[in-house]
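Here's the structure, in structure tokens; my notes come after.
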Amino acid sequence: MNRQPDMRQIMKQAQQMQEQLARTQAELAERRFEGTAGGGVVKAVVTGAPELVEIKISPEVVDPDDVEMLEDLVVAAVRQAMDEAVRTTNEELGGLTGGLGGLLG
């Protein structure tokens, strides 16, 4: 005899997963991720929201005759921080949403 999953149990599990997913998303939105460039002379910090919240630039890297280099360092640091935020978010949320297959199978 082929037993069908109890629909109430499936709905309860889905609600629990949705609540856990919302908690994890809120926690990630508050978390900070850092990126650096130029050996650490430029630092960018983003949240998991993702939102840029901080830029630090060492005075020795500021050269009025080479603003383009500083701009490139800022972009690289922000990009690294964003990549870290996205990678971590995908890993943590992927672990939760990966369980959806178990509800139906």
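The values are calculated or read from the model by the stated rules, or taken from the named source; none is laboratory data. These numbers were taken from a predicted model, which means no experiment stands behind them. Note: areas computed on protein heavy atoms with side chains; ligands, DNA, RNA excluded. Shrake-Rupley method; radii C 1.70, N 1.55, O 1.52, S 1.80 Å.
Of note:
- Portion, in percent, of the accessible area of the stretch 41-81 that falls on carbon or sulfur, probe 1.4 Å: 53 percent
- Compared with the dominant principal axis of the Cα atoms in the chain, helix 67-97 is inclined by about 10°.
- Value of [θ]222 nm, deg cm²/dmol, for the chain, DSSP H segments ≥ 4, -39500 (n - 2.57) each, nearest 500: -19500 deg cm²/dmol
- Taking every C-alpha pair closer than 8 Å and separated by at least 6 residues, the mean separation divided by the residue count of the stretch 1-87 gives a relative contact order of 29 percent.
- Residues of the chain: accessible area per residue with a 1.4 Å probe, Å²: 71 Å²
- On Cα atoms only, tilt of 7-30 relative to the major axis of the chain in degrees: 10 degrees
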